[in-house]
Each structure stands twice: as structure tokens, then as C-alpha cells.
Amino acid sequence: MAGKVFRSSVQLTREQGRAILDGVFAQARRAGTEPLTAVVLDGGGHVVAAEREDGCAPLRFPVAQGKAFAALGIGVASGVVGARNAERPAFLASVSTASGGHFIPVAGGVLVLDADERVIGAVGVSGASSAEDESAAIAGIEAAGLAHGLEPL
């Protein structure tokens, strides 16, 4: 299946980024996860909003950003990228090298879509299990009133 379309005139705003973060952390507290870090990128891969909860380990920020960047760079959720390419380690290593190491193909990075299902950004979450990270990312996107681009394996 091809990735999502990246031609949208809609921009992910700082306000939407903040709403996504609030939704991520609300879901995490409901689920009782370990402290999280979340990063919201716009369609060009630039940080729109980012935050870490108290007690979150320092490497969680680059991991969260790398998950969001993997989703954005390939056009599908970061966990899908990793799962689809598990038998292709050379491909994953090459993409990681091409991205300067900013590519984490592990669940927790989810695309943000506009009303026409075009990519306007991505959210990456790190700190809990990969499934919990992904669930928090989806909850954040939905809390902001936006659609997510999580495709099944």
C-alpha cells in the first residue's frame, strides 16, 4: 500500500499541537503509564510543539521525534514501517543513515491528517510500551479534533 498524500494547503498550527500534547498526556494519566515525552511535527518535519512529563528519561525526546519523523518520512505509522520492513534490516539502516539517525521505526509515531486525509504532520510519543505510546499519540490527535493515519499491518 502506498503512503499518504502530502499535498495539503492546511497547516498544523501551534494551537493544534498543544491540544495534541494535552490529549497525549491525558490518555497517559488515564492509562497510568510511565512518564511520556511527545513531539508534534508539521508536514515539513519541523517541531510545532513538544513536551516531557516530569521524570521522563532524557533520551525520550529524540526517540519521540524519531518516531514522528519515521511516520512522516515514509508516510505510514512508525510501527507499520518497522513491522513491514522487519526482514529488511539493510533498508531500515539505510533510511536511518539517510535521515541522519532521526528515524525510529517503532510504534508510537502516527500521522496527522487533514479533513481530506492528507498528511499535515505527525506525532511521536516515547516513555511507555510501544503500544501505549501509539495509543497515547492517537488519543492526542483525536483530542485535537483531527484524524490520524494509522494503517493496519
Filtered residues of the range 34-77 (kept if basic (Lys, Arg) and more than 8 Å from the chain's Cα centre (by Cα)): ARG52, ARG60
Residue among ALA77, ALA131 that is out of contact with any strand residue (DSSP E or B) (no Cβ under 6 Å at 6 or more places or on another chain), among the small types (Gly, Ala, Ser) and modelled with pLDDT of 90 or more: ALA131
Some residue of the range 82-97 being within 15 Å of ALA137 (Cβ to Cβ) and polar (S, T, N, Q): no
VAL125 being modelled with pLDDT under 95, outside any helix (DSSP H, G or I) and under 16 Å from the mean Cα position of the chain (by Cα): no
Checklist (1) surrounded by fewer than 19 Cβ atoms within 10 Å (Cβ to Cβ); (2) touching a residue at least 60 places away in the same chain (Cβ under 8 Å); (3) hydrophobic (A, V, I, L, M, F, W, C) applied to LEU41, failing item: (1)
Filtered residues of the range 1-28 (kept if in contact with a helix residue (DSSP H, G or I) (Cβ under 9 Å, 6 or more places away or on another chain), modelled with pLDDT of 95 or more and not polar (S, T, N, Q)): ALA19, ILE20, LEU21, ASP22, GLY23, VAL24, PHE25, ALA26, ALA28
Among the candidates SER78, SER130, residue that is surrounded by fewer than 21 Cβ atoms within 10 Å (Cβ to Cβ), touching a helix residue (DSSP H, G or I) at 6+ places or on another chain (Cβ under 8 Å) and under 24 Å from GLY32 (Cα atoms): SER130
Tally, over the range 87-111, of residues that are more than 17 Å from ARG60 (Cα to Cα) and in a loop (DSSP other than H, G, I, E, B): 4
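The values are calculated or read from the model by the stated rules, or taken from the named source; none is laboratory data. None of the values given here were measured: they were computed from a predicted structure. Cβ coordinates were reconstructed from backbone atoms using ideal geometry, including for glycine residues, and neighbour counts include every protein chain displayed.
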